[in-house]
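K.L.:
For reference, the structure I am asking about is given below.
Only the coordinates and a few stated rules stand behind these numbers; no lab work does. In this text, all values refer to a predicted model and were calculated from it rather than measured experimentally. When we count neighbours, we look across all protein chains shown, and the Cβ atoms used for this are built from the backbone with ideal geometry, even at glycine.
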Amino acid sequence: MSLMQLSRYVWLNAMAIVFSLSSVLIDRHIGLVGTSSFYVSPLQAILALLTGLIYAWWGLSLAAAGKSGLLSSFFLVFGWSFLANGVLPIPFSGFPAPHAFPYADIFHIGNIIFGGMASFLTVKAVRADKGSMSWHMAAVSIALVVATLSFTGIVYFSMLAQP
């Protein structure tokens, strides 16, 4: 399959990955989950590992053949890009975002647009695929998104509790 023949959902997932990763890097840079320093707390290290695992699993999900990979990538694009890096940051950081203006807003909106479009087309691809499906890959995707969001909250609120 040539690069031009890849399905639109793959292209949109790739754009969602770009905007999602950019949003994560901006959030880390502005100190949303800890200040940049030579010291990394164990919680920050776990969060970095979980974030890396999300992107690795997303790539594997897109590369996996069949309905299971599609479903797995849906939960990542919807849960991580659209919700976690698009919709949810807006009430927490405000709109327009006071920090990293206008980049944080561009990345949040990009996650909403590309994450939403990729979610829609990925669901269509799942429905169109008549093959069998296993929920194992999707369960890993859901667990990674929930764990990463949980650790993000733990790190964020532990920073607020520090004097």
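K.L.:
Given region 89-159, what whole percent of its Cα pairs are spread farther than 20 Å? Numbers along the way, then the final one.
P.N.:
On the way: 1335 of 2485 pairs.
Tail of P(r) above 20 Å: 54 percent of Cα pairs.
K.L.:
Something else about it: Given the DSSP H assignment, sum -39500 (n - 2.57) over each helix run of at least 4 residues in the chain and divide by its residue total; what's the result at 222 nm in deg cm²/dmol, nearest 500?
P.N.:
Values: 6 runs with 111 residues, N = 163.
Value at 222 nm, helices only: -23000 deg cm²/dmol.
K.L.:
Another question, then. Over all pairs of distinct alpha carbons, what does the Kirkwood formula give as the hydrodynamic radius of the chain, in Å?
P.N.:
Here the Kirkwood hydrodynamic radius works out to 16.3 Å.
K.L.:
Please compute the contact order of region 40-161 in relative form: average sequence separation of alpha-carbon pairs under 8 Å and at least six residues apart, divided by the residue count, as a percent.
P.N.:
Relative CO of region 40-161 lands at 41 percent.
K.L.:
Then there is this: Sorted by mean Cβ packing within 10 Å, highest first, what order do the peptides 67-79, 128-140 take?
P.N.:
Packing order, densest peptide first, comes out as 67-79, 128-140.
K.L.:
Using the beta-carbon distance between His29 and Ile142 and R0 = 25 Å, what value does 1/(1 + (r/R0)^6) give for FRET efficiency, to the nearest 0.05? Write down the numbers at each step before the final one.
P.N.:
On the way: r = 28 Å, r/R0 = 1.11.
The computed FRET efficiency comes out at 0.35.
K.L.:
Tabulate in residue order the Karplus-calculated ³J(HN,Hα) for region 146-154, using 6.51 cos²θ - 1.76 cosθ + 1.60 with θ = phi - 60°, rounded to whole Hz; enter x for Gly and Pro.
P.N.:
Running phi through 6.51 cos²θ - 1.76 cosθ + 1.60 with θ = phi - 60° gives 5, 5, 5, 5, 5, 5, 4, x, 4 Hz.
K.L.:
Search the structure for amide H atoms under 5 Å from the amide H of Ile30, placed 1.01 Å from N in the peptide plane, and list their residues when 5 or more places away or on another chain.
P.N.:
Sorted by chain and number, the residues that satisfy this come to none at all.
K.L.:
Right, something else. How tilted is helix 67-76 with respect to the longest principal axis of the chain? Cα atoms for both, answer in degrees (0 to 90, nearest 10).
P.N.:
Computed tilt is about 20 degrees.
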